[in-house]
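The values are calculated or read from the model by the stated rules, or taken from the named source; none is laboratory data. Just so it is clear, the structure is predicted and the values come from calculations on it, not from any experiment. Cβ atoms come from the backbone with ideal geometry, glycine included; neighbour counts cover every protein chain shown. Side chains included, ligands, DNA and RNA excluded: accessible areas come from the protein's heavy atoms. Shrake-Rupley method; radii C 1.70, N 1.55, O 1.52, S 1.80 Å.
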Amino acid sequence: MRKVIGIGETVLDIIFKNERPVSAVPGGSVYNGIISLGRAGVPAAFISEVGDDRIGRRTVDFLKENGVDASNVNMFKGSKSPVSLAFLNDNNDAEYIFYKDHPHDRLDYICPEINRDDIVMLGSYYAVNPVIRPQVAALMNHARSNGAIIYYDVNFRSSHANEVMKLTPNILENFEYADIVRGSHDDFKVMYKMDTSDKVYNSEISFYCKKFIYTNGAQPVELHAEGGFRKSYPVTATSTVSTIGAGDNFNAGLVYGMMRYGVTRDVIDRGLSEELWDKVIECAQKFSANCCKSIDNSIDKEFGEAMRKEALQAG
């Protein structure tokens, strides 16, 4: 059976509205998407690290409660789990403050079994952090050697803008390993000072990876692929409670769609048809829209169950 393996940071998100805390939920860029995939019935595992504290234990338990294999999440003695404060504005977009008390970044894990057609998800600073680069690169190399599909979400925050030059070799290597690259308008404004998908794809992405998805909030999703294929997908207007996990769950929905509609290594290599792209992008948008309807970072359990049943009936 195919499965999804995610690797990324963990953090406790404490969410504020009108300067008052309204929620606290385990999170992290890839973590949020993996929780959604678990809720949608997709076999999933997560690789990460947590502190040996109450937050760390809750983070691991939350994975297990949502059907995710947490055996490769290491708990380090003498360290505290990271916390972020997310302040929602009038549009329910978040401004973040991060608190991290690890003595230093570490990543110690036994690589889970990765087979052909499995999907590996990675993204954000965790995917380019120089301190754990050898471990992350080894995972991608192992995945590629075994015929897995690699999905990379750039998710480059403005707080790391002064590190772009230093991190560029790792970013480019990720582009080269990846089968699909997804990034937002904000990511590429920070990294390259470019504000259109065409500029980003033609000058920075296409040489390394042919499949590229560009998101920009409520603006249309822009897709680029091999052979000059390009298509825009309008975003349906929806009332939002929080946009914190919108991009993370777009990723989860796209990966769910790839699993549901049989996007295998062979399909990746020969290129997806327009009809197949339409289906997986639709799943991505559904997951993202559902996440925005609640204060949580992932799709709700009812929606996840509905997606699980749909996939079973279709399969």
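At the listed q of 0.10, 0.19 Å⁻¹, the Debye profile of the range 32-168, built from one uniform point per Cα, gives log10 I(q)/I(0) equal to -0.38, -1.42. With a 1.4 Å probe rolled over the protein heavy atoms of all chains, the accessible area of Arg116, Arg58, Arg133 falls in the order Arg116, Arg58, Arg133, largest first. Each part reduced to its alpha carbon centroid, the range 13-58 and the range 209-224 end up 25 Å apart. Take each peptide in 22-32, 303-313, count the other Cβ atoms within 10 Å of every residue, and average; sorted highest first, the result is 22-32, 303-313. Placing unit charges on the Cβ atoms only, positive for Lys and Arg and negative for Asp and Glu, gives the chain a dipole magnitude near 280 debye about its Cα centre. With N the number of residues in the range 166-299, Rg(Cα) / (2.2 N^0.38 Å) evaluates to 1.04. Sorting 272-282, 7-17 by average packing, meaning the other beta carbons within 10 Å per residue, from highest down gives 7-17, 272-282.
Phi angles across the range 22-31 convert, under the Karplus curve 6.51 cos²θ - 1.76 cosθ + 1.60 with θ = phi - 60°, into 3J(HN,Hα) values of 10, 6, 9, 9, x, x, x, 3, 6, 3 Hz, Gly and Pro given as x.
Computed 3J(HN,Hα) for the range 226-243, one whole-Hz value per residue from the Karplus formula 6.51 cos²θ - 1.76 cosθ + 1.60 where θ = phi - 60°, is 4, x, x, 5, 8, 8, 9, 10, x, 9, 5, 5, 8, 6, 10, 9, 7, 9, glycine and proline marked x.
If you take the Cα centroid of the range 116-156 and the Cα centroid of the range 62-86, the two points sit 19 Å apart. Summing Cβ point charges (Lys, Arg +1; Asp, Glu -1) relative to the Cα centre of the range 55-160 gives a dipole of roughly 420 debye.
Think of the range 236-315 as a dipole: +1 on every Lys or Arg Cβ, -1 on every Asp or Glu Cβ, centred on the Cα centre; then among Tyr261, Trp277, Ala306, Ala306 lies furthest on the positive end. Here's the list of lysines a cross-link from Lys279 could span, going by alpha-carbon distance under 30 Å and ignoring same-chain residues fewer than 8 apart: Lys3, Lys64, Lys189, Lys199, Lys210, Lys211, Lys231, Lys293, Lys301, Lys309. Charging the Cβ of each Asp and Glu at -1 and of each Lys and Arg at +1, and nothing else, the dipole of the range 117-262 about its Cα centre rounds to 100 debye.
In this structure the chain gives 44 Å² per residue of accessible area when probed at 1.4 Å with all protein chains present.
Ranked by solvent-accessible area (1.4 Å probe, protein heavy atoms only, all chains present), the residues Asp266, Asp186 order from largest to smallest as Asp186, Asp266.
Of the residues Arg260, Arg157, Arg54, the one that moves most in a GNM of the chain with alpha-carbon contacts below 10 Å is Arg54. In terms of the Cα gyration tensor, with a ≥ b ≥ c the square roots of its eigenvalues, is the range 196-242 rounded because a/c is under 1.5, prolate because a/b exceeds b/c, or oblate? The shape class here is prolate.
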